[in-house]
Every structure is written in C-alpha cells, then in structure tokens.
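The values are calculated or read from the model by the stated rules, or taken from the named source; none is laboratory data. All values derive from a computational prediction rather than experimental measurement. Glycine gets a Cβ as well: all are built from the backbone with ideal geometry, and neighbour counts include every protein chain shown. Accessible surface is based on the protein model in full, side chains and every heavy atom, while ligands, DNA and RNA are left aside. Shrake-Rupley method; radii C 1.70, N 1.55, O 1.52, S 1.80 Å.
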Amino acid sequence: MQRRLSDILPARRDVLKLGGYGLLGAFAEQALVPQAARAAGRSNPRGTARFVVLIELAGALSHVDSFDFKEDAGTQKDFDVRQVRNDLYLSNRLFPELSKEMDKVTIVRSMKSHEVVHFRGQYYTQAGRPLNPAQASEIPSVGSVIAMELESQRREKDTFPTYVGCNLDTSGCGALSTGFLHPRHSVLDVNLKSGGGAAPSSKDAMAVLEERYRLLSELDKVMAPNRAGRDRSFGSFRDFQNSAYRILGDERWPHAFQMSEAEQERYGKNEVGLGCLLARNLVNADAGTRYIHIVHPDWDHHRDIYNHAKKSNHYIRCNEFDRAFANLMRDLGTIKSPRLVGKTLLDETLIVVATEFGRTPGPLNGIAGRHHYNLAYLSLYAGGGTKPGRIIGKTDATGERIVESGWKYGKQQIKTENVYASIYSALGIDWRKELTNTPSKRAYRYIDMLGATEMAMDDEIAELFV
Amino acid sequence: MIEILFLLLAQTPEFEKVHKPLFTPPPQKSKEAASLTTAYTPARPGGKPVKRVNFIDTHIFGRMAKDRVPHAPLSTDEEFARRAFLDATGRIPSPEDIQQFLASKDPQKRAKLIDTLLSSQAYIDKWTYYFEDLFRAGGRMGSGLNLFHFWLREWLKLDRPVDEVVTDLLTGAGKSSFSVPGSLYYQRDFVKAKDDPDAPDAHDLVNQPDTVDEFTVTYSKVFLGLNLACISCHDGKHHLEKVNLFLTSKKRDEFWGQAAFYGKTRQIMNWENGYQANTEYTVDDTGPEYDPKADSIVRVPRRGGDASPRFILNGERPKEGENYRDALARILTTHPQFRRAFTNRIWAEFMGFGIVEPVDDFDLLKPDQVTNPQLLDALAEDFRTHNHSFKHILRTIMNSAAYQLSSRFDGEWKDTYTSYYARKYVRMLSAPEVHDAIALATGKPGKFTSGQESVGMVMQMSEPKKAGADVQGFMKTFGQSNRDDMPKKVPPSALQAMLLMQSKVVTERLDLTSLTAEIPDNAQLIDQLFLRSIARHPSKEEQTVATKALATNRQKGAENLLWALINSPEFLFNY
C-alpha cells in the first residue's frame, strides 16, 4: 500500500522537535521548492517596526494582581497598590520600576483563550495557533515564518540569524521547529545561563577559528564524494555550519554577549533580565536579527503564590520581569535610531509581553496559590508604532469576565491569533497570506481562524496603533 | 501468512474484535516472499542481490520484491563497523578495532563483531543510559538513583527477560531509595497534594489518584505504545476522531479502569528527625481503591464512574484475591501489544524509525499505521519465544541484511520507498554519543564521577547532570533529555554547529603534543587521525589536503586537522 511520507511522521509532542531535516530528511524536498503563496484577502500591514521582542511569561501571570488589578481576598497586604493614572492601579511592591514607565505601555485586558494546559498554551504562544496533533509536524513557529518573510530584506553584511530565541528550551514545548519551511529559518535558541553565544574570546582565537574553518572547507570538498547519494541531512548540516561560521566570525556577535556587571545587575541576573539585555544588544547591533522571543519560565504558582519563604513565587518573578522590561524600554528609548530621524530604537521595536492564560481571580486556593484561568487575561505592548498608555478592554469587578473587548469587533474577544496579526502588521508582513504547497496540502494560513478552537477574527488589534 | 496473523490475534475475543482489520488484503501470490534463500530482489541495475539472513529479511526484502522497490547495496566493511559500534555500544571504534576488522578474512566476521560488541562493557553503558533516559531516572529518584542505575546495569549484564524487568518496575514495593529499585519507577511520579507538615495523615502529602493517573499515562506509553493522556481527562468521542480512532472509542472511566490497578498503591513520604525526606517514599498496596470522585490538582474534576480495575485492551480483571499490581504486570507482559510496542521501539533505534510511528502512539484501529504488519508480529513472536531476551532482539536485527544495507542509494530515491527500509537511514549521533566520540577521537576522556566511581565517558554516568556546565550545555543542544520529561529528538541547528566549532568540549581536547611525537611520519599521522575520528582511511585526495595542512606547523596543523574532522558531517552522523 502506498504510504505518503507525512503519514509516517509522528504526531503530538514529539513531532514538535522534528524539523525539516529531522529524522527522515522528511520535508527536505518540500523545503527546496519555492513556497506557493497566495494572499487570501489582502491585509494592510503597517510596517511600523523593524524589530519585535516577545517576552513570554511561561506558566501564566496572574492578571488580577498585575496589570488588571482587582482588590480581592487574595490581595496581599504588602502590595502597596498605587494609582498610576485613571484606570491603572499597580502594585508598587510587585512592579516598582514599571510603575514609573507605564506611560510607555499599552495593556490589552480582554484576551481570551480556550487553553488551560501549559503545554498547549505555550505551543499556542509560539505557533500562533492551537495545537493540532494531526498537523503539528508541518506547522512552523511564527518566528520561522517571520524569518522566511524577512529573508529578502537581509543585507550582505547581515550575519546574525533573523530569529533568535532566549531560553526557548525552558518552555513547555521547547523551541518549535520550522515545520514545512526550510531549516535555515530555524531559531537560534540561546541559553544565557549555560554557554551563551559560543563566540571566540579574542582576536587570536578568531584567527585560529578562521584557519581551521578554511581547512574544513577545503577538506569538505574532497570528503563530499563519500557522502554522495546518502542523505540530504549531510548537506543541510554544512549549511548550518556556514551560517554558524558567519555568525562566529562577525565581531558584533561576541559584542552582543558582552554584558558588564553593572548592566547585569540593572537588568537582573535571571532568564528575563539577561534575555532583555541580549535583546537590547541585538536590536542595537542591527546585524540581521529582527525577531527575538524570550521565555521567562516558572510562573506557575498553583501554590504559595505570595509566600515570601518560597524559592519561587510571584513576588520574585514579577520583580525580575519588572526590572527587565522597564530597563529594556528605557534603554531602547534612549538610543537614537540610526535610520529614522528623531526616533529612538523603541520607536522601531515592538515589545510584546505574552502569557498563556491568567490565574484564578478571587481568594487564593487551598494551597495558597492561584490556578489557571483562561476566560480573561492580558498582554502588554510598547514601542514599534503602538500608541502608548492605552488600556484596551475591560473585565468585571472581579476579573472573571470580559465586559468590553475594547476593539472594533464588539463581543469578540482578543486572541493570540490577533496578537500575531498585530506583530505581522508591525513588521510589514501581510498576515492574510497563505502558503499552499504544504505536505498535507492543507493551506498554511499565517493567521488561521478556521484552525482556532473557537471563533477568532483574522485581524490585527488596530486599536494598538491608532 | 494471513493465517499466522489471525492466529496471533486470536488471543482474546476483545483483542480480536479490536484488531480485526478494516479490510482483508488480497492473498499473497508470490511464494518467494516466504523463502529464506537467495531470491532475486530488484536491486539497482547491476547491483548484487543480497543474501537473506533471518526472518527480518524475509519480510523486508519479500515486501520489496512484491512491490518492486529497489534497495541499496550492502554496507561496506567500514560503514558496517562504525555503525555497529555506535548502535550497539554508543562508541566509535578505535583505529585498532577498525584495522583488525578490515583485515580479517573470516566470512563470519560481521556476526562475530556483533557478538563481541553485545558482550562488552560499553554495551551495558550505552543501554543503561538509554533506559535511564526512557525511564526518566533523574533527580526525582532522589537517593535511590544509584541503586536504580546499578540494578539496570545488572539486568543488562545478565540479559534478564524483559517481561521480568517490567514486572519489577510495575510491582516494586518497599522503601524505594534503599531497598527496592523497581519501586523507584513509580515513586518518581508523585504529584504532591500539599506541603502541610501538620497534615494528620502523611498519605495526604501525595495526591494518590493524580499520581496514579500520571504514572498510568507514562507506563502505557513506554510499555504499550499507547498514549492515554487525552482520555485521562475526557472521553475520546468528539475529541479524538482526527487523532486516534482506537482511543476515540474509549471513555474516561476505561482509563480509570486501567489506572485502578494502582488504585491501592500508596506512596508515603518518609519523615526523619522531623523533616520530610523529600524523594524518599515507602510504596505499598494497602490504600483504598481508586476513587473516581477524588479531587484533582492537575486534571479535570473526576465526577464518578466505573473505576474497577480492568485492562484497557481486553477488559481483563485481577483474579480473586490477586494483588492488583501483580495482575497488571501479569496481564500486560503477556499481552501481544507489549511485545509489539517494545520490539517496535528497539527497531526504531536501529533502523531509524518504527514500523509504527510514533512508537508511543499506536492507533489500534488503523491497520495502515503499521507499515509491515507481518514483520512486526514476527518480531514480537520471536521476542516471546526467546524468553523476552533484549540481547536477542539486538542480535537478530544487527545480523539481518536489512540492517546492514548501505545508506548510499545510487538510483533515484523516491519517498515512497521509505517505509520499505530500502536503505540505511542516516541519523545524527545522540548527545552523549557526540560527547564520547569527541573524547575518544581526541584521546582525552572526561573526568566524571558516577556514584563513587571515576569514569571517562558520559554514557557511564548515572547522572549526566553532574558533568559540569560546559558538557551539560553542549549535550542539551544536541538533544540530551533532562530525565524529567520523556526523551525527544532535536533537529540540527546552527547552535550545534557553533558549539562543535567553539565549545571547550572540543577546543580544550585538541592538544596533540604526544601523538605527533609518537608518529613522526605525516602519512601515518594523518591516517591515524582519520581512523580515530571517522573510522576510515583517508582517500588520496584527502591525504593531499591533509598533508598540506601539516606543512607549516606540524603539530598545529594536526590539531587543526583533527578539529576539521570532528566538525565534518561524517563525524556527526551515523550513516
């Protein structure tokens, strides 16, 4: 019986790790063919941002204690809640730095998800659509789609990968693959706590690397015949080596990883702090990286969410995130843009803060924590053409229900799909595009309403920008 | 052929009902498919026919002959030697190993090499490591980890029947960390209820039903190749139609029926001197039955249903007075799905992918998920009739001509040939294999400890996490499991390439002062470096390039050459 290759490939979680050049060199054939694209109903992307930094608070941020504050039985006495402006109350204990910077930030409070499971929620946050095990093997991460879209804009001097990840491997679903797209659009996922950029540490070290790499290239020419006729994965690995060498050979790369003690202290020596510091450096370098996805793990406080005695609690996580996000905005806001007169890097960088869902409002639960809550949660935006200081959407007095969506679609709540439509829009990418030559023959829509678990609009959140 | 298939299927009425094929394939016309002799198989034009060795070849080459699928030639001795070493022992061969093998004129040399490899210490190292990844033998086993490590090594050394080992893993009871290694497999899966030290019953510290649910999902994937995760929260109907037909027909309370074999099992966290001895438990079977209305921390609320223990594949129940877990072990290890899932998993390790993929997600109502059902059933039956010997599966697979085919396919490859295993499928070395290959090629073992011992290879460690930040970061990039989650494969990436070029794991091992002194002749030195790293002699052209590299500074040149060889795709891949 004839079997299509895609029939053999695994589904579910394991598949998320198989990329175009995974086990079977499966989609290699596919990836070498130019994508068959069609613009299915044109969208009008704004093109207001050159860079996007997405900070994912993995594990789920409690919305009612943070940026949609509700006074309830779970509110801690030491929160020190202050009115920042009209409709914005913020705990100064949790967010001392951000309390000073909220004029730069816009909040969407009317997000809704169907997901309540971390793995699925975090997959959703990376893929821009809910997990469908039947299709998962071919679905790329949004970052990879962006890398593909922006590839034509890469200049000769651009060596850095378009899509850089920070601690993606700590996310519940890990770093998603390129799916049916070519592996060269894959993320370079950096873990700053272990290893970082692997860059040569000195000019001498660089010289040694150059000499060795030259030998490798010469040797490879004569070694290649032994690989002929065996498997395409050999060739693709050489491609990765060439990209890797170009990155390592560019002195801007180790420079991006040089972080002084003072800077590290200021941003915080943790996943999100160092990640935001790296993001700042990568944006400042403008050496090819355009999309950065940082994961700040360990927000899942089902128990002891506000117990100071615990090694992991919302106080600690909020403070870490607070310093990182505030300093990133400040620094980018101070650096003048070399491209646009009178603008700063913050004007050119869309920062999005996403989380997979919210946490149960009201009193704390039986183990002094908050559980998952998907019916109302939030996301944050700064820079990149967004109008700052807005609040889009409104929840009821307890934070349990959305009462106003705050955008033009009335009762339709805002979903992760819309967040990504906004990101595509800011980058100037037509988010209503679809690619039709997928292995399954099912069109890959950049924003897929029909793939959603419930009704979703295929539009950006225009209210962020106008 | 079909009669044998049905005979195997008719184990129980329920199993037969489930396994009834959705259609009956037409009777096989070709008698050749059943023969074990050198039948003609359509290799590429001019290619030598391949001699069939065992039943695996009957099914692989028979199917190819029937469907007129061409196949690759047999691997060369160099290809075979390196591959066999890696697959059986996780290590690349030494120059002496290769030269000895290449020089031998013994017509049985491949079979003899296989036997040697399967009797080696390195075989035990590699497969202990493999099962520790699979059983997630990590930090959550606490102080029982070394005991578990030792126990795994012992059963591999003795080639204990796998059904007995699985029985131990499913029925272990006692104080987990110090006395009963098998119990550690269950013990590591605890879901804690609360941290309250004043809890009246220490039993409450673990949420038993949630723990049991987690564990049931785990062992069903590992030993039955069934992914019961979805139905642990809800019925299959209206949810799984596009995902798994068999599980679509299953209800949540049937999952509970499976979970209920652990219904009476308790994990009681040990307390010593007023402190919780975290990760030390006593496991016993004196709890109440599985409660289908119990509170859940990690799952959709349980609203009641039939949670009497019954095996999900055939409804079989514990005998009168039989301990539930003994019943589970008995039913599971005698069920054909256990044998099929296990042999399929091992087949995937050697042949690139399973006869059923994914190996932990069979859809028992989709016969076409099984690309070669006769082969799978034959493997399962062979496993049973050879006392569930693990070593026997390996020996059988490795000796087959199918395993020994080359990856080089000189004709036009069609993706439709894939499921026929018409060639060897190239795979990247696993994370510990990469590390250990670098250590071996450079002659510089690591300085690790495993328990009380000093060891040089990562694959000898009971806890690879203890290997130091550089090694850990390196291995994680190449896909090393954290032993908290199930192992996953990672695709190749630029970061891997970067680390192979720049990581201290490589760069601090390249001092060739002694080797260059020992071998004054350039040609011999180059030959030695090629053999050490990629297990073959250099070609003339490669010799030329390499000699040039040594011209200005002999030692630096040799070190650069070794670096380049380690960074060449041939080093990184098992082909």
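So here's what we get for this one:
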item: Meets criteria (over 30 Å from A:Gln126 (Cα atoms), out of contact with any strand residue (DSSP E or B) (no Cβ under 9 Å at 6 or more places or on another chain) and within 7 Å of another protein chain (Cβ to nearest Cβ)) for A:Glu210; result: no
item: Residues of the range B:538-549 classified as more than 10 Å from chain A (Cβ to nearest Cβ) and within 26 Å of B:Leu499 (Cβ to Cβ), total; result: 0
item: Set A:Pro130, A:Pro200: member being touching a residue at least 24 places away in the same chain (Cβ under 8 Å) and within 30 Å of B:Lys504 (Cα to Cα); result: A:Pro200
item: Matching entry among B:Met461, B:Met475 (being crowded, with 22+ Cβ neighbours inside 10 Å, away from chain A (no Cβ under 13 Å), hydrophobic (A, V, I, L, M, F, W, C) and out of contact with any Leu (no Cβ under 9 Å at 6 or more places or on another chain)); result: B:Met461
item: Unmet requirement for A:Arg339, which otherwise passes all of (1) over 17 Å from the mean Cα position of the chain (by Cα); (2) assigned to a helix (DSSP H, G or I); result: (2)
item: Flag if B:Lys548 is in a helix (DSSP H, G or I) and closer than 23 Å to A:Asn242 by Cα; result: yes
item: So B:Ala546, is it free of Cβ contacts under 8 Å to residues at least 24 places away in the same chain and open to solvent by 10 Å² or more (accessible area, probe 1.4 Å); result: no
item: Failed item in (1) buried (at least 16 other Cβ atoms within 10 Å of the Cβ); (2) away from every other protein chain (no Cβ under 11 Å); (3) more than 30 Å from B:Ala229 (Cβ to Cβ), with B:Ala517 passing the rest; result: (1)
item: Residues within the range B:520-543 that are open to solvent by 30 Å² or more (accessible area, probe 1.4 Å) and part of a helix (DSSP H, G or I), tallied; result: 9
item: Some residue of the range A:348-365 being out of contact with any Cys (no Cβ under 7 Å at 6 or more places or on another chain), in a helix (DSSP H, G or I), open to solvent by less than 40 Å² (accessible area, probe 1.4 Å) and at pLDDT 95 or above; result: yes
item: Subset tally (residues that are surrounded by fewer than 18 Cβ atoms within 10 Å (Cβ to Cβ) and either closer than 22 Å to A:Ile461 by Cα or not aliphatic (A, V, I, L, M) (or both)) for the range A:55-75; result: 3
item: Selected residue (only one of B:Thr334, B:Thr343 is touching a Phe, Trp or Tyr at 6+ places or on another chain (Cβ under 9 Å) and of a type in the set (Ser, Thr, Tyr)); result: B:Thr343
item: Scope the range A:158-170; condition open to solvent by less than 10 Å² (accessible area, probe 1.4 Å) and either of a type in the set (Phe, Trp, Tyr) or assigned to a loop (DSSP other than H, G, I, E, B) (or both); matching residues; result: A:Asp158, A:Phe160, A:Tyr163, A:Asn167
item: The listed residue being within 28 Å of A:Leu350 (Cβ to Cβ), open to solvent by less than 30 Å² (accessible area, probe 1.4 Å) and within 14 Å of chain B (Cβ to nearest Cβ), out of A:Leu94, A:Leu131, A:Leu88; result: A:Leu131
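Here is a yes/no grid of residues against (1) within 14 Å of chain B (Cβ to nearest Cβ); (2) surrounded by fewer than 19 Cβ atoms within 10 Å (Cβ to Cβ); (3) in contact with a Cys (Cβ under 8 Å, 6 or more places away or on another chain):
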| site | (1), (2), (3) |
| --- | --- |
| A:Tyr381 | no, no, no |
| A:Lys387 | no, yes, no |
| A:Thr395 | no, no, no |
| A:Glu404 | no, yes, no |
| A:Gln413 | no, no, no |
| A:Asn418 | no, no, no |
| A:Ile423 | no, no, no |
| A:Ser440 | yes, yes, no |
